[in-house]
Structures are given as structure tokens and as C-alpha cells.
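Here's the structure we're looking at; comments come further down.
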Amino acid sequence: MKTGYITHPDFLAHDTGDDHPESPRRLSVLDEHILGQAHSPLQDQLKIITPKRNSALYRWISEIHIPSYIDALKNKIPTTGRIYLDADTPYSPGSLKAAEMAVSGVLTAVDQVMDGTLNNAFCALRPPGHHAEPDRAMGFCLFNNVAVAARYIQKKYHLPKIFIIDWDVHHGNGTQNAFYDDPSVFYLSSHQFPCYPGTGSTKENGRGLGEGTTLNLPLHAGTNDAELLRIFEKVLPDALATFQPDFILISAGFDAHRDDPLAALEITDTGFAEMTNIVLSLAETHCQGRIVSCLEGGYHLHALAQSVKKHLSVLSKP
């Protein structure tokens with residue numbers, strides 16, 4: 001079995017404008033570096049998958065997002081140019097199509113991991129998702145891809161316990177809020193703090209029955225590989241051993257890279273590889289290796305490409 005690499009031309013239809021950091025060029029660069037090298041050792045370990053639209057797509061999206069928000073997205077599609085759903089989130093004629101296919105891509109990855117076609121998968125998708133709230137777009141995000149996938153796994157495959165690891169440099173407020181009072185989904189986030197969106201302090205650890213299944217690991221500006229890996233090695237094994245998940249989802253943002261323009265951490269592509277290795281090893285111990293990783297941030301194109309290659313090299317190792 002191989003590692004899935006989920007890609008689709010519809011992901012490029014989300015037109016954010018020439019000066020926006022979350023641009024289609026992010027995925028074009030990944031395709032150039034990963035798919036453009038025929039018969040490379042890495043590509044030989046990947047199964048390239050172009051997903052189809054999920055036949056019950058909005059049934060699953062509505063597990064996370066409220067009907068009025070979904071209807072607003074459908075009704076606001078501009079005929080030309082773009083509008084802004086918040087200060088950071090442009091919406092173009094092709095944005096909804098891209099967001100729909102992004103969710104479909106993650107669900108396809110889950111299906112193929114569950115049926116044994118794939119060992120695990122990486123979804124090279126956009127728009128990203130972890131800032132999207134149940135009732136609104138936010139921070140470049142329209143639908144919360146990972147959150148929808150968590151509910152999909154629970155309801156379609158009857159796997160009750162999902163562990164989400166979010167190492168994007170920005171806290172995933174939308175994912176946290178989707179499951180803040182839910183003990184069946186554990187949300188762990190490492191992120192620069194203070195930083196956009198302002199959430200993610202250690203005091204935020206869940207509510208009601210969900211208390212204790214949110215774990216925030218705020219990082220100071222300048223945090224490097226050694227510091228972050230030390231935190232992961234200290235915290236992650238105990239969290240997973242206690243929670244005993246059935247499936248791990250990764251919100252794989254690569255904007256913690258030292259070259260990224262939108263934050264101030266000092267993580268390298270090697271650091272991302274080592275983080276991936278920790279998660280992979282723990283997944284094999286606790287949930288039969290079931291991992292689906294979804295692209296979130298990462299805005300320095302070369303750093304993004306190198307980091308994703310390292311991430312994939314670990315996920316796909318024999």
C-alpha cells in the first residue's frame with residue numbers, strides 16, 4: 001500500500017488575487033516539486049488521487065457548518081472579480097467549487113485509508129480550513145475540512161474517537177470551537193502565541209464534557225526544531241495513550257517554517273519531518289496507522305514545497 005496524494009484542478013479555482021498569500025501558486029509549486037519528478041523515489045511511493053465530488057457532500061458539511069452559513073456561501077458567489085467574507089478571506093466565482101472539492105478530497109482520503117487502499121494520505125488542497133467557524137468564514141478558510149472529516153469518520157465508519165493534531169503556526173480556532181464541548185474529538189494545537197487569531201492559550205482546554213480534550217501548546221516567537229520536538233515528545237505520547245484514538249487527522253500547516261513571512265517561528269523542513277515521524281509512530285501504536293493529513297498554511301513557496309516533500313517522505317516510508 002502507498003501514501004495517497006490528493007490533488008484536483010478545482011483547488012486552483014479559488015482566485016484570491018495576485019497579492020494574497022494564500023494563492024493557487026502554493027499548489028502549483030507542490031505539483032511541480034512532487035508530481036513533476038517522474039519516477040522519483042518519493043513519487044514511486046505515492047498514489048496520486050483526483051477525487052470526485054462526494055455524493056452526499058452537504059450532508060457531511062452540515063455536520064459542522066450551520067445551514068444559514070452554507071446558504072450564504074451559495075447565494076453570495078460573485079459573477080466576476082471577488083468579494084471579501086472577512087478582512088482576509090476573498091471569495092471568487094470559483095471559490096465554492098474549490099471548497100466543495102477540498103472537503104470531497106479529504107473524505108476520499110478517509111475512504112481509501114479505511115478500505116485499505118492506502119496506508120495514509122496527504123491532501124494538497126485549498127482553501128484551507130482550520131479557522132472556519134460553524135457560522136462564518138475566517139482567516140482564508142471557507143469550510144473546515146478537518147472538522148468535517150472527523151464527523152464523517154465517526155458517523156460513516158462508527159469509529160468513536162478522533163485525534164486532531166494541528167501544527168499550523170496559527171491556532172485553529174474553528175476546529176477548537178467545533179469540538180470544544182465534545183469528549184469524542186481531541187484537539188491538540190501547537191502555534192505561535194500571541195499571534196493571529198488571538199486564541200489558543202493554555203487556559204482553553206475544553207468545556208463541559210469536553211473539558212480536557214482540548215490541549216493548546218502556545219509557542220514563543222523564535223521557537224526552533226529542538227524546542228518544539230521536545231514539547232511533542234513530552235506531551236503527545238501521553239495524550240494519545242490516554243485518549244486511545246481510532247483515527248488521527250493532521251492540520252498540516254507549514255507556516256511555522258523559519259522562512260515563512262506570516263509568523264516568527266524557526267522550524268525547518270527537517271523539523272516537520274521529525275514531527276511527522278513522531279505522529280506516524282504513535283498512530284501505528286494506537287490506531288493502526290490511520291492518518292489523513294490536510295494542508296493548512298504555508299506561504300513561502302520554496303519552504304512549503306520542501307516541507308511537504310519531507311512530510312510525504314516520512315508518511316510514505318516503507
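Read the figures in this text as sums done on the coordinates, not as results from a lab. Values in this document were obtained by computation on a predicted structure and should not be read as measured data. For neighbour counting, all protein chains shown are included, and Cβ atoms are generated from backbone atoms with ideal geometry for every residue, glycine included.
Given contacts defined as C-alpha pairs under 8 Å and at least six residues apart, what's the relative contact order of the range 187-318, whole-number percent?
Computed over the range 187-318, the figure is 24 percent.
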Query raised in the report: Gain in length, N224 to I48, computed as 0.36 nm per residue apart minus the alpha-carbon separation, to one decimal in nm?
Result: 60.1 nm
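Can you pick out the pairs among K97/K155; K47/K156; K76/K161 whose Cα atoms lie more than 29 Å from each other?
The pairs that break the limit, which is 29 Å between Cα atoms, are K76/K161.
I need R82, R59, R290 ordered by Cβ neighbour count within 10 Å, fewest first.
On the way: R82 18, R59 11, R290 24.
Going from sparsest to densest Cβ surroundings: R59, R82, R290.
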Report task. Run through the DSSP bridge list for the chain and note the antiparallel percent, rounded to the nearest 5. Result -> 10
Requested in this report: Find how much the distance from T285 to H158 grows on full extension, using 0.36 nm per residue of separation minus their present alpha carbon separation; answer in nm with one decimal.
Outcome: 43.7 nm
Query raised in the report: Counting only residues 5 or more places away or on other chains, whose amide H sits under 5 Å from the amide H of E133 once H atoms are built in the peptide plane?
Result: M138
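What is the chain by shape, rounded, prolate or oblate, if you read a ≥ b ≥ c off the alpha carbon gyration tensor as root eigenvalues and call it rounded for a/c under 1.5, prolate for a/b larger than b/c, and oblate otherwise?
It comes out rounded by the Cα gyration axes.
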Query raised in the report: Given Cα pairs under 8 Å that are at least 6 residues apart, what percent is the relative contact order of the range 1-72?
Result: 41
Requested in this report: Figure the gain on full extension for Q37 and D19 (residue separation times 0.36 nm, minus the Cα-Cα span) and round it to one decimal in nm.
Outcome: 3.6 nm
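Can you tally the net charge around T223? Count Lys and Arg as +1, Asp and Glu as -1, for every other residue whose Cβ sits under 12 Å from the Cβ of T223.
Working: positive: R230, R258; negative: D225, E227, E266.
Result for the neighbourhood of T223: -1.
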**Report entry** Nonlocal amide H pairs with L217, under 5 Å, H built at 1.01 Å
**Finding:** S189, S190, H191
Report summary line: In order over the range 141-151: 3J(HN,Hα) from phi, Karplus 6.51/-1.76/1.60, θ = phi - 60°, whole Hz, x for each Gly or Pro, gives 10, 10, 10, 8, 4, 5, 5, 4, 4, 4, 5
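Any idea what the relative contact order of the chain is, in percent, if you count C-alpha pairs under 8 Å spaced at least 6 apart?
It rounds to 19 percent for the chain.
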Report summary line: Cβ density ranking, 10 Å radius, fewest first, applied to R207, R151, R136 yields R207, R136, R151
**Report entry** Residues with amide H under 5 Å from that of K47, placed H, sequence gap 5 or more
**Finding:** T3, G4, Y5
